[in-house]
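Structure first, commentary second.
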Amino acid sequence: MPVGMSSKTILQKLAVLADAAKYDASCASSGTVKRDSTGTKGIGSTEGMGICHSYAPDGRCISLLKILLTNFCVYDCRFCINRASSNVERARFSPQDVVALTLDFYKRNYIEGLFLSSGIIRSEDYTMEQLVEVARILREEHLFQGYIHLKTIAGADPALVALAGLYADRLSTNVELPTKAGLESFAPEKKPATIRKTMASVRVGAEDAIDAAKNRLIGKAKPPRFAPAGQSTQMIVGADAARDDDILATADNLYSGYHLRRVYYSAYSPIPDASSALPPVRPPLMREHRLYQADWLLRFYGFAPQEIMEGASGGMLDLAIDPKLAWALMRRDIFPVDINRAPRELLLRVPGLGTRAVDRIVAVRRTGKLRLGDLAKLTASVKKVLPFIVTLDWRPGKLTDSADLRARFAPPAEQLALAL
Amino acid sequence: MKEVVLERPGDFAEWRGVARALLAGGVAPEDVSWRGGEEGASLFGDEAPVDAAGAVTLPRELLAMADRVICHRGAEIPARLYRLVWRAARERQLLARTTDADVDWLRKTDKAIRRDIHKMHAFVRFRRLGEAAGRESFAAWFEPDHRILRLTAPFFQRRFYGMDWAILTPDARAIWHDETLSYGPGGTRGEVPESDVVEDQWRTYYGAIFNPARVKIDAMRAEMPKKYWHNLPEAQDIAPLLAGARARVERMRAAAVSAANPRTEKWRTRVADDLLLEDELTSLGAVARAVGQCTRCPLHCNATQAVAGEGPAAARIMVVGEQPGDREDLQGRPFVGPAGQVLDAALDEAGLDRRRLFLTNAVKHFKFEPRGKRRLHQNPTAGEIDICRWWLDKERALVQPDLIVTLGASALRGVTGKSASIKSMRGQVHELAGGTKLVATIHPSFLLRLPDRDRAAEERAAFVADLARARKLAA
């Protein structure tokens, strides 16, 4: 017997609305302000570093209760399981349902907090109001101090976005597809300009709150923080024809314009009742992985997108080796780099040296010159570093320029495909 | 050889007291033998305690690490820690030498403890005991690798202040009751309830959030090692989820594309594009809406929004700048950034009321180059200015100002269609076709870029003078 909408139990709704939320890659709960429930009747704390309370067999961290308020949606984005034309089972939580689930899970230490998103029902403003209402009840009625991530609905009234920023730790608006052409053909209701405007209102809200805090009169109450964990977005990889250079250029643009904390890349994976416009491909997990590595190079290693693409071909990153190594192989004129003398910016360009290893090298070389054996204590990937560096007791000689250097690192072709 | 017996393994205060005394007594690490505690053994074995009077200062970071590392179950821990503090008291900057074998050992052991703490924060699972006087109580059973309960309990106190709870481990228990934290002896799994009403929901969530198309078992096991699974209610679902994953993906692939949900059209909203026709652009509001959809040049691809002119249609003076900057792009209004503030102050001094002017730009979208967290302004090309003149002309036609002030060379080109230096145009009044007067001056952002203070003051005065002249000419 088919189960009617109203007769769905919380358990049935949860199954539908968590399943519908799993294509959003973000589950982060880091980077917010420190606060806790000390001295209150409430619960909850955030301590800077988020905690992954469990891991699913897909290797992804479960930190937040990640659900949709509803998977009814008036939009018809081809890549989305919840698009209007999909025959997927539909459900809708009330704000009180979500509040109860969040608190029940939190008290048992299953989660760090809530990541709430929603299909678009009635209008962008109505949908945003519903999301904000959940956060309001948690914060004001239950004194909940845990982490809250709210989806900002592109095109919602900036006043609602401003309200969301007062309750939430993080806000996110998904770009989904990096190019205008991609969105036009796969997500007819989504407009890149509307998405960017919403992101702009989040940045303006955050900066206004910082200004208000700076200019407050001594003795006056501190003005509330605005989304202290910042904003993020997600791009789907492999659903449309966008290339890696399109994706990275869009990411770079978003980081600089809206001060995003993170851009998430989500390999398009087959969904039940898929649209005929999308072939049921294997999710391009390796491509997703390389994009994350390239994103790190953008944010922490001082690379410009054009530099990263020097190691790419046809606008696509090398799948066999990581993007820093691919870049270094094209720019061997810069290497080898002297570990004992090179400035930090140059050490960051050495394949195999991460930011942490570089910081350790810079700190420890003040106390004495480094040998290869010392380096082994500072980084796990000495073998990878060898062709690119000089230490007291090591020079790579011809190794740096040898023709088969790429082959030393690239795995045999069959290992490229990750097990499905 | 001095023999030391620690009675309470993992107790930092006890170890510190002994280590302090040994250090003060000048006892070298190789002359101490450390033993784990047995009932009734005296702190210093058979020998008399050494004099504890002499104070030794140690780096705070070392003590913080020792406080954690002493919880490690390794039998060698107290001795190795003592060797480190002995050396740290004699060798400056010891901890900075991360390539030193002792320091390397300390950092790695500390990392293992911190990981153990982190995993305990993550994997403790409370089960509900009941509720009394509006306060719920919970209990959990957990088996950490090391003796870290005292290092983790404060976290649970901060997080779960508003409920009562107990965490039982084989070594000790922590109890938070009536807003007081206390410790007690080790417990057994049997003291904690076997299940919890919410576990079904949690397991349903765990199963639903898993994506069968991207199985990565190694990644899961690296972060959630199997040794924790028997205390995690969701872990019993891992095997069945994995077993069914391949078939679920195959079903998704094999399923024929189904007909669209019959209610699709009823649900979908038509997003009105409301592209206006040119002859509908009869008001400044219509122009502002239409410019928001402009795709005449590629600048719209990366900008947030077009920034249309702002001010009354009846304005007598129109002020034209170059293009929106970072701030204007975010807020959708002209001259609200740093250059706008310079302009506002200069207008004030020149006796002009911004609210009675029409302010706009030669180019309506922000042109920039991303550079890390900033967007660096880029000058628009002559071509971009010329394409965008279409909009400037629309605004001019609707406002019909008596006088136009152009700020900078781009504005000058936008208005006149010709490139000319400001120097050659400045100080005179020009007449445009139709009788509109033109005053050309610098862009206020130029004043922000002048490093020399005297020169900046001079240029600013000239700028204000240009604006004042415009006011008189338009009067």
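Derivation of every value follows stated rules applied to the coordinates shown; laboratory data play no part. Just so it is clear, the model here is predicted, and its values are computed rather than measured. All Cβ positions, even for glycine, are placed from backbone atoms using ideal geometry, and neighbour counts span all protein chains on display.
Points worth noting:
- According to the Kirkwood relation over distinct C-alpha pairs, the hydrodynamic radius of the stretch B:281-474 is 16.6 Å.
- In this structure, the amide hydrogen of A:Gly155, modeled 1.01 Å from its nitrogen in the peptide plane, lies closer than 5 angstrom to those of A:Thr198, counting only residues at least 5 positions away or on a different chain.
- The C-alpha atoms of chain B define a longest principal axis, and helix B:238-254 lies at about 30 degrees to it.
- Within the stretch A:207-246, trypsin sites (Lys or Arg not before Pro) in DSSP loop having at most 12 other beta-carbon neighbours inside 10 Å: A:Arg216, A:Lys220
- Under the Karplus curve 6.51 cos²θ - 1.76 cosθ + 1.60, θ = phi - 60°, whole-Hz ³J(HN,Hα) for the stretch B:318-326, x wherever Gly or Pro sits: 10, 10, 10, x, 7, 6, x, x, 3
- Surrounding net charge for A:Leu160, when Lys and Arg each add one and Asp and Glu each subtract one, Cβ distance under 14 Å: -1
- Which of B:Ala313, B:Gly337, B:Gln400, positive extreme of dipole for the stretch B:312-422 (C-beta unit charges): B:Gly337
- Quotient of C-alpha Rg and 2.2 N^0.38 Å, computed over the stretch A:248-391: 1.24
- In chain A, the longest principal axis of the Cα atoms and the axis of helix A:124-136 are about 90 degrees apart.
- Geometric descriptor of the stretch B:87-179, per residue, is 123 Å³ (volume of the convex hull of the Cα atoms).
- Dipole in debye (nearest 20) - the protein assembly as shown, about Cα centre, beta carbon charges: Lys, Arg +1; Asp, Glu -1: 1320
- Our summary of shape: the Cα atoms of the stretch B:235-363 have principal axis extents of 78, 42, 25 Å, ordered from largest down, in whole angstrom.
- Spatial separation of Cα centroids for the stretch A:390-411 and the stretch B:205-241, in angstrom: 40
- Calculated FRET efficiency for the pair B:Ala475/B:Ala314, C-beta based, R₀ 25 Å, to 0.05: 0.95
- Among the GluC sites (Glu not before Pro) in the stretch A:91-130, none is located in a DSSP loop while being surrounded by at most 10 other Cβ atoms within 10 Å of its own Cβ.
- For the stretch B:319-385 versus the stretch A:295-344, the gap between their alpha-carbon centres in whole angstrom: 36
- The charge dipole of chain A, taken about the Cα centre with unit charges on the Cβ atoms of Lys, Arg (+1) and Asp, Glu (-1), comes to about 1360 debye, rounded to the nearest 20.
- Phi to ³J(HN,Hα) by Karplus 6.51 cos²θ - 1.76 cosθ + 1.60 over the stretch A:352-366, Hz, x for Gly, Pro: x, 9, x, 4, 5, 4, 5, 4, 5, 4, 4, 6, 7, 6, 5
- Pairwise centroid distance, computed over Cα atoms, of the stretch A:168-227 with the stretch B:67-124, Å: 43
- Close amide H pairs (under 5 Å, H built 1.01 Å from N) link B:Lys2 with B:Val32, B:Ser33, residues at least 5 positions away or on another chain.
- Summed over all non-identical Cα pairs, the Kirkwood treatment of the protein assembly as shown gives a radius of 31.7 Å.
- Computed over the alpha-carbon pairs of chain B, the distance histogram in 20 Å steps reads 17, 25, 21, 29, 8, 0 percent, short to long.
- Cα-based helix-to-principal-axis angle, A:10-19 vs chain A, degrees rounded to 10: 40
- Global size of the stretch A:161-200: 12.0, 35 Å for Rg and Dmax (C-alpha atoms, Rg to one decimal, Dmax whole).
- For chain A, taking a cut-off of 4.7 Å between Cβ atoms, the unpaired cysteines are A:Cys27, A:Cys73.
- Ordered by the count of other Cβ atoms within 10 Å of each Cβ, fewest first, A:Thr379, B:Thr381 give B:Thr381, A:Thr379.
- Neighbourhood net charge (14 Å Cβ-Cβ; Lys/Arg +1, Asp/Glu -1) for B:Leu284: +1
- For chain A, diffusion coefficient by Stokes-Einstein and Kirkwood Rh (Cα), 25 °C, 0.890 mPa s, µm²/s: 104
- Taking other Cβ atoms within 10 Å as a rough exposure proxy, A:Val161, B:Val197 sort from fewest to most as B:Val197, A:Val161.
- Estimated from helices alone, the mean residue ellipticity of chain B at 222 nm is -12500 deg cm²/dmol (sum of -39500 (n - 2.57) over DSSP H runs with n ≥ 4, per residue).
- Fewest-first ranking of A:Asp318, B:Asp353, using other Cβ atoms within 10 Å as the exposure measure: B:Asp353, A:Asp318
- Using θ = phi - 60° and Karplus 6.51 cos²θ - 1.76 cosθ + 1.60, couplings along the stretch A:81-97 (whole Hz; Gly, Pro as x): 5, 9, 4, 3, 7, 6, 9, 4, 5, 10, 8, 8, 8, 8, x, 5, 4
- Amide H contacts under 5 Å for A:Ile321, placed H, 5+ residues apart: none
- For the stretch B:199-254, the Cα-based Rg and Dmax, in that order, read 12.0, 38 Å.
- Nitroxide proxy distance, nm - points 7 Å out along Cα→Cβ at A:Arg332 and B:Lys108: 3.4
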